[in-house]
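Heads up, the thing below is written out as structure tokens.
Computed from the coordinates by the stated procedures, all read-outs in this text should not be read as laboratory data. Since this is a predicted model, take the numbers as computed values, not measurements.
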Amino acid sequence: VLQKLLEDKAGPVSDQYLRWKLWLSWEDIVGKTVAENAEPIYYQRGILWLCVRNSVWMQQMTFMVEAIKQSVNHKFKAGFVKEVRLTLDRRSTPQASDIEFKKNMRKFIK
């Protein structure tokens, strides 16, 4: 019941649940070769950040961004990923606010 609620209900908690599922099934979504060279490291408000292994794969991934976005949206829900951004440095991604997540969790639980 909880899984169904989290998958169907739009909002910050369901997005976090879908993000967790994305991480678990990343290789199934993009294939073994891409999964070995790029991994999802951050998601917020429709933007999915991928950390790419090296500059060669960064170039290759620029041509694959749209296919990855469509594959993720097909597997999860339409519009889940609106944009895919690539980085070589994990530290260059935005940081999620734990306070914001806790606040949204409290709203969801009430």
Quick one: grab the alpha carbon gyration tensor of the stretch 44-92, order the square roots of its eigenvalues as a ≥ b ≥ c, and give me rounded if a/c is under 1.5, else prolate or oblate depending on whether a/b is larger than b/c. oblate
Can you list the residues, at least 5 places off or on another chain, whose amide H is less than 5 Å from the amide H of residue 42, using H built in the peptide plane? 49
Using the Karplus equation 6.51 cos²θ - 1.76 cosθ + 1.60 (θ = phi - 60°), what ³J(HN,Hα) coupling, rounded to whole Hz, does each residue of the stretch 53-69 give in order, writing x for Gly and Pro? 4, 8, 5, 5, 5, 4, 4, 4, 5, 4, 7, 9, 4, 5, 5, 5, 4
